[in-house]
Amino acid sequence: MQQYGRDSFGDPDYVSLYGLKPHEWHERGVRMLGRTAVECTRDRLAALIGRDIAAVAQTAPAASPVVVDLFAGSANTLYWIKRHVGARSAIGFELDDAVFELTRTNIAIMGLDIDLRHDGYQHGLQALGEPGEGLLIVFVAPPWGRALSEDSGLDLRRTQPPVPQIDRAPARRLVPGAALTDLACRRMHALCGR
């Protein structure tokens, strides 16, 4: 992992996760697939995302947030969002068998309070049921698939699944009239050119 960071970004500590540099998380037994390392949100960016979401969450009238990551991967972004928001629970969905097993093991090694579920986002959201009175924060960052290329940059229509096709209905069912969810989806569609 340090070689990847050094070769690709000039920084051997680029793929820092769960608040640890690569040699620190590796010493603890944390492991990651190469494709997850390429797609994961490293600490520096995940912490920024967490702080930004926390700033918005503080303006919401509801307390006791629940954070859901529809495409958990390494669960590093989920970790940082939960940490900055002060969420009472963090739930991540991961459909890929190998990524799920490694992330589940990593979460246990690190002692993180994250509920990782081996399920797709659509079924997983439906299985969650009603969130209660708390604030529901849903993070949407699907695997890039063929979405990133040197020629065209990042095209959100080519993620797997494509961002515009991610079904908003389960989130609407969980949070009737969720203005924030709809606003986020409209912005996503605008970014995708729809």
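Every number here is computed from the coordinates shown, using simple stated rules; none is lab data. Fair warning: this is a prediction, and the values are worked out from it, not measured in the lab. Here the Cβ is made from the backbone with ideal geometry for all residues, glycine too, and neighbour counts use every protein chain on show.
At R0 = 45 Å, how high is the FRET efficiency between residue 165 and residue 3 if r is their beta carbon distance? Nearest 0.05 is fine. Rounded to the nearest 0.05, the efficiency is 0.80.
In sequence order, the range 115-129 has phi-based couplings of 9, 8, 10, 7, 7, x, 5, 5, 5, x, 5, 5, 6, 5, x Hz under the Karplus curve 6.51 cos²θ - 1.76 cosθ + 1.60, θ = phi - 60°, and Gly or Pro positions carry x. Label sites at residue 126 and residue 89, each approximated as a point 7 angstrom past Cα along Cα to Cβ, lie 1.9 nm apart. As a test, work out the antiparallel percent of DSSP beta bridges whose residues both lie in the range 7-122, rounded to the nearest 5. If I count the DSSP bridges inside the range 7-122, around 10 percent turn out antiparallel. Take 96-102, 23-29 and order them by the average number of nearby Cβ atoms within 10 Å per residue, most first; the result is 96-102, 23-29. Each of the peptides 83-92, 106-115 was scored by the mean count of other Cβ atoms within 10 Å over its residues; in descending order, highest first, they stand as 83-92, 106-115.
Obtain the nm distance between the two label points defined at residue 146 and residue 58 by a simple spin-label model: each point lies 7 Å from its Cα along the Cα-to-C-beta direction. My value for the distance between the label points is 4.4 nm. When only the Cβ of Lys, Arg, Asp and Glu is charged (+1, +1, -1, -1), the dipole of the range 1-126 relative to its Cα centre reaches about 300 debye. Taking other C-beta atoms within 10 Å as the exposure proxy, 16, 64 rank 64, 16 from fewest upward. Near residue 68, the amide H atoms lying under 5 Å from its own belong to 91, 137, 138, 139; only residues 5 or more places off or on other chains count, and H is placed 1.01 Å from N.
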